[in-house]
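Okay, so here's the structure we're looking at.
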Amino acid sequence: MEQQLEQLKQEALQKIEDAPSVKELNDVRVAYLGKKGPITDLLKGMGKLPAEERPKMGALVNVVRETVTTSLEEKMELLEQQAVNEKLEKETIDITLPGRPVKLGNHHPLTRVVEDIEDFFISMGYEVAEGPEVEQDYYNFEALNLPKGHPARDMQDSFYITEDVLLRTHTSPVQARTMAAKKGEPIKIICPGKVYRRDSDDATHSHQFTQIEGLVVGEDIRMSDLKGTLALFAKKMFGEEREIRLRPSFFPFTEPSVEMDISCFKCGGSGCNVCKKTGWIEILGSGMVHPNVLEMAGYDPTVFTGFAFGMGPERIAMLKYGVEDIRHFFTNDMRFISQFNRTEV
Amino acid sequence: MYVSTKWLENYVDTKGIAPADLAEKITRAGIEVDTIIDRSEGLTNIVVGHVESCEKHPEADKLNICQVNVGEETVQIICGAPNVAAGQNIIAALPGAKLPGGMKIKKAKLRGEVSNGMICSLQELGVEGKTVAKAYAEGIYVLPADAKPGTDALSLLGLDDVILEFDLTPNRADALSMLGVAYEVGAILSQDVKLPKIEYTASNEKAEDFLKLKVEAKEDNPMYIAKVVKNVKVAESPLWLQNYLMAAGVRPHNNVVDITNFVLLEYGQPLHAFDYDRLATKEIVVRHAVEGEKITTLDDVERTLRAGQLVITNGKEPVALAGVMGGANSEVYDGTTTVVIESAYFAPASVRKTSKDVGLRSDASTRLEKGVDPNRVAEAAERAAQLLSELAGGEVLAGSVQFDELNKESVRIILSPDYVNRRLGMKIPMDEMVSILERLQIPVEAANGQLIVDAPTRRQDLRIKEDLIEEIARLYGYDEIPMTLPIGESVPGGLSSFQEKRRLVRRYLESAGLYQAITYSLTSRAESQSFALETAPVTELLMPMSEDRSVLRQSLLPHLLEATTYNVARRIDTVSLYETGSVFLGTQEDGLPKEVGHVAAVITGKWVNHAWQQENKKVDFFVMKGIIEGLMDTLGLTEKVTYTKATHDGLHPGRTADILLNGEVVGVLGQLHPSEQKKRDLKETYVTEINLALLLAESAEALVYEQVPRYPSMSRDIALVVSKDEAAGSLMEIIQEAGGKLLKDVTVFDLYEGDKVDEGMKSLAFSLTYFDADRTLTDEEVVTRHDKVLAALKEKSGAVLRG
Ligand SMILES: [Zn+2]
C-alpha cells in the first residue's frame, strides 16, 4: 500500500507539473483530491487495514495529500501569474502615440516683453503708471518742452482729433501727468502703453506700436544713477554678460540726452548681422529730465533732478526673437503668437 | 549731411586717422555717422584718356570707334555714348579695371572691332545720377582740357574720397555746414580750425549805387545783405568745386549757382543769386505776399501765394520765395553778366511755414528753419563775392546793400564745476572742463570758482547750464561716468490692483485655451460701433491716412473677428483669441474720450480635437460660457454674476446672453449671427466682450477657508419633463429656494430632447446634494426636504416628474 501511495504521489505531481492551464490544474485537483479521487479512496480503504497500521498509514496519506496540495497551490499561483502577464501583454498600448492635448493659450510676445520689463523695474521699487491713449496736446508736447510750432511736433507725424487733442505719440505724457499729480513728491515709475504715429505700415513702421518709458525724479538724481540703472536692466533683460555704452543724442525733454547701446547678445560684440557688424545694438533713448519739464510740472529744478528713458517693445522683441516684420505683432496669426508659449530660461 | 573727408581736410587736420576711426570718434562724441562711403571702393585702372579720333562703327549705327591716347600708348576703344567726340578728354577704364558692382573690364571685340577698355560716365564710377551735371547726365563725362592723358582719373574727379553720412539730431543744425563739422572734429581731435581767408579786390563802384533795398517785413527778415558782382562770365565751375558739390550730393549747374551752393555747404548760410538785369527795377523789396499773388519758381512750377508768405520782390512782383526757392524770372542764365548775391536771416518759423505750405524743402529752407548763425550772414556773402571774383572773373562792387536789425549777441551761461559734477555723479576737475570748452572753441573764463561761458551763436543749441553739462560730458566721455543707483528712501514698487487683476485675467484666459491678440485701436467708421456694449459719439481723426483707420473703436470684437477670419482663411480652422484693450467713448469735459478697458474673446472651430481617439467637439455656447464662469470664479465674483437671455445686433437671437454683475449688464456672450458669420467667412463662432474696468473694480471677498466636510453628504436625482422654453436656470432657482440651507449643490446632469418626450418638451435631470456641516443627515430629513423641492417644482414650473 505504501508503494501504491508513493506511485500515486509521483503520478499526481507529474500531472500537476504538466498541467498547462488553470482549468487542467483544477481537473488534476478534482482527480486526485476530490471526493471520488484515489486519495479519498485510499482513506476510505483504510478501514480494511489492521488497527495498528491505521495511524501510520493515515499519517502517510496526509503527507501525500499535503505534498500534492502544496504543489497544486504553487502551480496554481504560477499559472495565475502567467495568466495575468498574458492579459497585461494583451493590454499593451503604443506609448508613442500623442497624448490628449491640453487646451492652452499664451501671452502675445509684446506683453511678454512688457511684463519682463515691468517686473524688473517693480523689483527696483518702481510703480507702473498708465494714462490715456487720446491725449491733450499739452501733456503730449507742451509739458515736455515741445511748445507749439516746435519742428519736432509736425502735424504730419501725429493723429490729431482736434487742434488740442491727439492720439499720444509716445508714453511720455504719462510722465507729465504723474509729475503734475505728485506735486513735488519723489517719483519712480514705469509707463507702458500703446502709442500712435502717422506712418504707413510696412516691415519697419506701424501706425500703432508700444512704448515703455521710465521716470525717476528726486533730490540730486545723477546721470551716474541713470547709467547704473540701465546697466542693471540690460543685464537682467539681455544676459549677465551685457555691457552698455551711452552715446550722446537729442530729445527735447531731456538734457543731456543719450542713446544706450548694449553689447550684441548674439555675437557678444565680435560683430554679426544682428548688430550690423558693430558689436553694439541700440536699445533705448534716455537722459536727464530737462529743467523746463520739471519746472512746468511744479518741481524746482535747482532741487529736483531726474532721469527718464524709453524703449520700444517691438524692437526688443524683433531683436530677441528675430522677428523680421513689425506687422506680425498686429496681424494676430495664431501660427505666430502660439510660438511664444514657453520659457526662455 | 554728407561730409567729404577730403573737403573737410581744408579746415581741420585729420591726417593719420582712418575714416572709420574718425567716424567712430564722431559718433561717440555726439553726432551719429550713419554710413561710411568709400567712393573709390572697387575702382581700379581708371585713367584720363584723350580721344584722338572718333569714327562711326561700320557695322553698328550707335557705336563709335575711338582712338584714345591713354598716356604711354594710343588704344582703340569702342564707345556707344552719343556725346563722345574727337578732342575730348575722357575717363578711360582700361582692361583689368574694376567698376562698382564688380564689373570687370576686359579686352573685347564689338561687332568685329577690338575694344581695349571702356569710356565711362560718372554714373559708371558710382556717382549718383542726380548729382551729375545735366550736360553729362545722359552720356560720358568730359574732363577739362588740361587733364593729362594716362594720369589717375579718380583723384582728378575727387573720387579718392571717403564720405561720412551724418544722421543729425535736430539740435545740431550747426553741423549742417563743413565749418560746423570742422569745429566738432577739431574739438574731438584737439585740432585748430582753419577758416577760409576772404580776400578780394573790390571795384571802385559802390553796390548801393546799383541797388536799393527795402525790408517791409522786419520781424520775418531781420537781416538782409545784397552784394553786386559785375562782369561775371557764366561757365562751368572748376572741377574741384564740382567734385565737392557732387560729394555733398548737390548737382553742379554753372559757376554762379555752384558758388552759392558751395558757400551754403561751407558756412551753412543759404545764398541766392539773382540776375541783376532781369530784376529790371534796381530794387529789392522784402515783404509778405498778397493772397493770390503768383510766382513761377526755378522748377518751372507756377505757385499761387498766400497772404503772409515772405517774398523777395523787385518792388513790383515776387522774384523769390524767401529762403525756399528763387523765381524763374530772375534766374541766373548763360547770358548773365551782373549778379546780385543775397544772404539773409529769415525767421525760422516763417520759412518753415512757407516751405510746408508750398510743399518745397530745399537745402536752404532746412537750414533756415533751424536758425542759421546770425554772425555768418555777412561773412557768407563776402565769401561768395570772393569766389565769384576768383572763379567767374567777377568784379565785386564795393560795400553791400543791407538791412540789419538782427540780434547777434551770444548767450552768457554761468555755472560751477560742482554743479556739473553733482548732475553727472562725477569728479571732473575745473581745468579739464575749461579745456573741453576751449577745444570746442566756446569762449570760457574761470573766475571765482565759476565757469563764465559765452555760447557762440553758431551753436544755437547752447542755452542753459544743462546744455554745457552735455558738452563737457560728451567730450570727457560717457564711458567715464560711473554706475550708481539713486540714493534716498526707497518705496516698494508694484502694480495697482487693477493692473494685477488684469494680469490675472490674461493668465486665466490663456490657461483656458485662448491666445492673446493685440489689434489696432483705429478702425473704419462702419466697424467702429459694431458689437459695442455701449455706444457714444465716436472719436474721429482730423486727417486719417485711410478710411479703414479713421475712427477709434468702441468694441474690441470687430478687429478680433478680422484676425479670426485672417486665420481661418489660412486654414487654421480652430481659432481662440482674446484681447484686453481700451474702447473710446464720446467726449469728456477735458476734451478727451472716455477710455474704458475691455476684454473680448472669439472662439471658432474644434474645441476638443483628439483625433486618433475620435474625440472631437466643436465650440459651442457653453464652451464660451464655461470660460467666463471660470473667469468669474477666478475673480471671486461667481455669486455676484448672472446671465440673462438677450438680443444684440450681430449676434444669434437665440444664443446670446447678457452678463450681469450685481444686476448690472457688464458684458455679453453669444454666437455670431449666421449672417455675420457668412459675411466674415466664418463657421460657427462664439464671442464675448466684457467691461473689464467695471469687472475689476468689484472686490472679491476675503478668502477664508471653509472646513473640509467631516460628515457625508447625500445625493438625490430628479428628472423632469418641461416645456422646451423652460430655462434650466429658473428651475435651478426654484430647487435652490425650496432646498434651503441643507441643499448644498444642484447640477444639471442630463438634457434630452427627442422622440421619447412629447413634441415641444424636453427632459432635464438634476442632481441635488444635501449636506450639513455639523452632523450626518438622516434619511427622513432628506426625504422631507426633497419632497418640498419636488412640490415647489410642480407648483412653480408645471414640471412633470419623469421615471
Ligand atoms: Zn552681433
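Restricting segment B:534-570 to residues that are more than 10 Å from chain A (Cβ to nearest Cβ) and open to solvent by 70 Å² or more (accessible area, probe 1.4 Å), the residue that is nearest to B:ALA693 (Cα to Cα) is B:GLU534. Is it the case that segment A:262-285 has a residue that's among the acidic types (Asp, Glu), more than 16 Å from the ligand (Cβ to nearest atom) and modelled with pLDDT of 90 or more? No, segment A:262-285 has no match at all.
Among the residues making up segment B:59-83, a single one is modelled with pLDDT of 90 or more and charged (D, E, K, R): B:GLU73.
Count of segment B:575-601 residues, restricted to those that are free of Cβ contacts under 8 Å to residues at least 40 places away in the same chain and open to solvent by 20 Å² or more (accessible area, probe 1.4 Å), is 5. Taken together, the residues in segment B:435-467 that are open to solvent by less than 40 Å² (accessible area, probe 1.4 Å), closer than 17 Å to B:PRO417 by Cα and facing chain A (nearest Cβ under 10 Å) amount to 2. Looking at segment A:221-238, can you tell me whether even one residue there is of a type in the set (Asp, Glu) and within 16 Å of the ligand (Cβ to nearest atom)? Checked against the condition, which is being of a type in the set (Asp, Glu) and within 16 Å of the ligand (Cβ to nearest atom), segment A:221-238 yields no hits at all. In segment B:377-395, what residues are surrounded by 23 or more Cβ atoms within 10 Å (Cβ to Cβ) and under 13 Å from B:LEU406 (Cβ atoms)? Across segment B:377-395, the qualifying residue is only B:VAL377.
Looking at B:ALA235, is it more than 22 Å from B:ALA378 (Cβ to Cβ), exposed (fewer than 15 other Cβ atoms within 10 Å of the Cβ) and over 36 Å from the mean Cα position of the chain (by Cα)? So B:ALA235 fits the description; yes.
Test of understanding: among A:GLU243, A:GLU259, which residue is within 16 Å of the ligand (Cβ to nearest atom), free of Cβ contacts under 8 Å to residues at least 40 places away in the same chain and open to solvent by 20 Å² or more (accessible area, probe 1.4 Å)?
The match here is A:GLU243.
Regarding B:GLU199, is this residue away from chain A (no Cβ under 14 Å) and closer than 23 Å to B:LEU245 by Cα?
Details: away from chain A (no Cβ under 14 Å): yes; closer than 23 Å to B:LEU245 by Cα: yes.
The answer is yes for B:GLU199.
Restricting to segment B:473-482, name every residue that is more than 7 Å from chain A (Cβ to nearest Cβ), free of Cβ contacts under 8 Å to residues at least 60 places away in the same chain and within 18 Å of B:GLU32 (Cα to Cα).
First, pick out the residues of segment B:473-482 that are more than 7 Å from chain A (Cβ to nearest Cβ): B:475-477, B:480.
Retained after the next criterion (residues that are free of Cβ contacts under 8 Å to residues at least 60 places away in the same chain): B:476, B:480.
Selection gives B:TYR476 alone.
Of the residues making up segment B:602-638, just one is over 30 Å from B:GLN499 (Cβ atoms), touching a residue at least 24 places away in the same chain (Cβ under 8 Å) and of a type in the set (A, V, I, L, M), namely B:VAL619.
Quick test for you: out of B:GLY180, B:GLY150, pick the one residue that is more than 17 Å from B:GLY126 (Cβ to Cβ) and within 30 Å of the chain's Cα centre (by Cα). Walk me through how you get there before you give the answer.
Values: B:GLY150 fails: within 30 Å of the chain's Cα centre (by Cα).
Criteria check complete, one pass: B:GLY180.
For segment B:715-726, which positions are more than 60 Å from the chain's Cα centre (by Cα) and open to solvent by less than 80 Å² (accessible area, probe 1.4 Å)? Passing the criteria: B:SER715, B:ARG716, B:ILE718, B:ALA719, B:LEU720, B:VAL721, B:VAL722, B:SER723.
With segment B:647-714 as the region, which strands (runs of 3 or more DSSP E) entirely inside it contain at least 1 residues that are free of Cβ contacts under 8 Å to residues at least 12 places away in the same chain, over 30 Å from B:VAL782 (Cα atoms) and more than 40 Å from the chain's Cα centre (by Cα)? Give the steps one after another, and end with the answer.
Working: elements: B:651-661, B:664-672, B:685-691.
By residue number, B:651-661.
Say whether the condition of being open to solvent by less than 10 Å² (accessible area, probe 1.4 Å) and hydroxyl-bearing (Ser, Thr, Tyr) is met by at least one residue in segment B:132-142. Yes, some residue in segment B:132-142 is open to solvent by less than 10 Å² (accessible area, probe 1.4 Å) and hydroxyl-bearing (Ser, Thr, Tyr). The combined condition, being facing chain B (nearest Cβ under 9 Å), modelled with pLDDT under 95 and in a helix (DSSP H, G or I), is not fulfilled by A:GLN81. Could you list, in sequence order, the residues of segment B:32-48 that are assigned to a strand (DSSP E or B) and aliphatic (A, V, I, L, M)? Across segment B:32-48, the qualifying residues are B:VAL33, B:ILE36, B:ILE37, B:ILE46, B:VAL47, B:VAL48. Residue-level analysis places A:LYS182 among those that are of a type in the set (Lys, Arg) and within 41 Å of the chain's Cα centre (by Cα). Among the criteria (1) hydroxyl-bearing (Ser, Thr, Tyr); (2) open to solvent by less than 30 Å² (accessible area, probe 1.4 Å); (3) away from the ligand (no atom under 16 Å from the Cβ), the one A:THR302 does not fulfil is (2).
If you go through segment B:602-643 and pick out every residue that is at negative phi, within 14 Å of chain A (Cβ to nearest Cβ) and surrounded by 13 or more Cβ atoms within 10 Å (Cβ to Cβ), you end up with 16.
Look at A:MET311 and say whether it is away from the ligand (no atom under 16 Å from the Cβ) and within 10 Å of chain B (Cβ to nearest Cβ). Answer is no for this residue.
Only one of B:GLY129, B:GLY87, B:GLY80, B:GLY112 is over 30 Å from B:ARG459 (Cα atoms) and touching a residue at least 40 places away in the same chain (Cβ under 8 Å); which? Going through B:GLY129, B:GLY87, B:GLY80, B:GLY112 in turn, just one is over 30 Å from B:ARG459 (Cα atoms) and touching a residue at least 40 places away in the same chain (Cβ under 8 Å): B:GLY112. Part of a strand (DSSP E or B), open to solvent by 100 Å² or more (accessible area, probe 1.4 Å) and under 25 Å from B:THR644 (Cα atoms) - does that describe any residue in segment B:739-747? Looking for residues that are part of a strand (DSSP E or B), open to solvent by 100 Å² or more (accessible area, probe 1.4 Å) and under 25 Å from B:THR644 (Cα atoms), one finds at least one in segment B:739-747, hence yes.
Scanning segment A:130-145 for residues that are among the aliphatic types (A, V, I, L, M) and within 19 Å of A:GLY287 (Cβ to Cβ) yields a total of 2. Residues in segment A:186-208 that are at the interface with chain B (Cβ under 10 Å from one of its Cβ atoms) and open to solvent by 40 Å² or more (accessible area, probe 1.4 Å): A:PRO186, A:LYS188, A:ARG198, A:ASP199, A:SER200, A:ASP201.
Residues A:GLY218, A:GLY214: which one is over 19 Å from A:ASP116 (Cα atoms), part of a strand (DSSP E or B) and either among the charged types (D, E, K, R) or more than 16 Å from the ligand (Cβ to nearest atom) (or both)? Steps first, please.
Working: A:GLY214 fails: over 19 Å from A:ASP116 (Cα atoms).
The match here is A:GLY218.
Of all residues in segment B:489-533, those being facing chain A (nearest Cβ under 7 Å), of a type in the set (S, T, N, Q) and assigned to a helix (DSSP H, G or I) number 2.
The values are calculated or read from the model by the stated rules, or taken from the named source; none is laboratory data. Keep in mind that this is a model prediction, so the values were computed, not measured. Cβ sites come from the backbone with ideal geometry, for glycine too, and all protein chains shown count toward neighbours. For accessibility, only protein heavy atoms count, side chains too; no ligands or nucleic acids. Shrake-Rupley method; radii C 1.70, N 1.55, O 1.52, S 1.80 Å.
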